[in-house]
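Asks: Sharing a structure with you now.
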Amino acid sequence: MGTKITKAVIPAAGLGTRFLPATKAMPKEMLPVVDKPAIQYVVEEAVAAGLHDVLMVTGRNKNSLENHFDRVTELEALLEQKGDRERLAKVNASTDLADMHYVRQGDPLGLGHAVLRAKMHVGNEPFAVLLGDDIIDSRDPLLDKMLFEQESRNTSVVALLEVDPSQIHLYGAAAIEVTDDPDVVRITGLVEKPSAADAPSNLAIIGRYVLRPEVFEVLEHTKPGKGNEIQLTDALQEMAVTPETTGGVYGVIFRGRRYDTGDRVDYIKAIVQLAVDRDDLRDQLRPWLREFAATLD
Ligand code: UTP
């Protein structure tokens, strides 16, 4: 599709309290999904969409995140010595993936605050935001379409997923107008984590955004909202209602597979769904899974 956007921002500074105690000394983005940490899937997705410049927003316990995308010379030498080319390639895959940059968030004051930390690095150009604990199945690409819509409409774009109304209180919800593309909507308003009764629709914002740089000016004056955190959704709400100055907001509706690895049940589902289709695991895993499922009520 060809896009000029090259920068991806990956916020990974949250406390991951839903995953305690696993996240006591390790970021949730490093939890393995089959045999790769969740964050590697996210960086791979950015690179597959042509975004080779990746800025990760990190917090406490950041070392393992940085180390994962850096060289580990002793291990490389050992595998080389053993002639274990297959494992060496796995080690090198994350090292050579992208042009990685890091910035600290300090206190985790909210997703909007984390994105604002990217201002210096991003400058005055559109950029993508990919949440570090949200995996989009690579068989169902989403970012290409979002980059295309951002460029052709000169707007900001969020990814939307249709969820059960009972789940909308976990997300930002969008009020929308349809466009002539069934997968694209114009967003007229956004509410962070509404009750089912207050939700303007059951279209939930998921962790992919392609934003115009005006978002930084908006975030600079965005007050803490839900949970006393500076919410990206609140900044996008302001942009949705000021299209003349900020370019407005559109949504791309995602109909594929997506896993919120910050949620325990979704994390387990991600591992099972990705593992059963892996060439190296399916023959062992599928028969066992069938047998095991038959023992459940
Ligand atoms: P979440 O709300 O899922 O992260 O934020 P959390 O606060 O770590 O989760 P729990 O509820 O305590 O388990 C979505 C994404 O935004 C990042 C998180 O790391 C995650 O990738 N984030 C959130 C930040 O980088 N900084 C923040 O201040 C908040």
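The values are calculated or read from the model by the stated rules, or taken from the named source; none is laboratory data. Just so we're clear, the structure is a prediction, and the values are computed from it rather than from any experiment. Because the Cβ atoms are built from the backbone with ideal geometry, glycine has one as well, and the counts that use them run over all protein chains shown.
Asks: Going by the conditions given, is residue 237 polar (S, T, N, Q), surrounded by 14 or more Cβ atoms within 10 Å (Cβ to Cβ) and in contact with a helix residue (DSSP H, G or I) (Cβ under 9 Å, 6 or more places away or on another chain)?
Replies: Taking the combined requirement at face value, the residue does not satisfy it.
Asks: If I filter region 58-80 for residues that are in contact (Cβ under 8 Å) with a residue 24 or more places away in the chain, hydrophobic (A, V, I, L, M, F, W, C) and closer than 19 Å to residue 271 by Cα, do I get at least one hit?
Replies: Scanning region 58-80 turns up no residue that is in contact (Cβ under 8 Å) with a residue 24 or more places away in the chain, hydrophobic (A, V, I, L, M, F, W, C) and closer than 19 Å to residue 271 by Cα.
This table checks each residue for (1) outside any helix (DSSP H, G or I); (2) within 13 Å of the ligand (Cβ to nearest atom); (3) modelled with pLDDT under 95.
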residue	(1), (2), (3)
4	yes, no, yes
11	yes, yes, no
15	yes, yes, yes
23	yes, yes, yes
26	yes, yes, yes
40	no, no, no
54	yes, no, no
71	yes, no, yes
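Asks: Mind checking which pairs have a first residue in region 130-141 that is farther than 16 Å from residue 55 by Cα and among the β-branched types (Val, Ile, Thr) and a second that is away from the ligand (no atom under 11 Å from the Cβ) and part of a loop (DSSP other than H, G, I, E, B), Cβ under 9 Å, 6 or more apart or different chains?
Replies: As it stands, the answer is 135/257; 136/142; 136/254; 136/256; 136/257, since those pairs meet every condition given.
Asks: State whether the residues of region 256-270 include one that is more than 29 Å from residue 150 (Cα to Cα), in contact (Cβ under 8 Å) with a residue 60 or more places away in the chain and more than 16 Å from the ligand (Cβ to nearest atom).
Replies: Within region 256-270 (the criterion being more than 29 Å from residue 150 (Cα to Cα), in contact (Cβ under 8 Å) with a residue 60 or more places away in the chain and more than 16 Å from the ligand (Cβ to nearest atom)), the answer is no, since none of the residues qualifies.
Asks: May I pose another question? Under 6 Å by Cβ, and 6 or more places apart or on different chains, what pairs join a residue from region 27-43 that is within 14 Å of residue 273 (Cβ to Cβ) with one that is within 13 Å of the ligand (Cβ to nearest atom) and in a helix (DSSP H, G or I)?
Replies: Filtered contacts from region 27-43: 38/29.
Residue-by-condition table, conditions (1) outside any helix (DSSP H, G or I); (2) at pLDDT below 95; (3) under 20 Å from the mean Cα position of the chain (by Cα):
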residue	(1), (2), (3)
92	no, yes, no
103	yes, no, yes
129	yes, no, yes
132	yes, yes, yes
138	yes, yes, yes
146	no, no, yes
150	no, no, yes
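Asks: Condition check: basic (Lys, Arg), surrounded by fewer than 17 Cβ atoms within 10 Å (Cβ to Cβ) and more than 27 Å from residue 220 (Cα to Cα). Does residue 139 satisfy that?
Replies: Judged against the criteria, residue 139 is a match.
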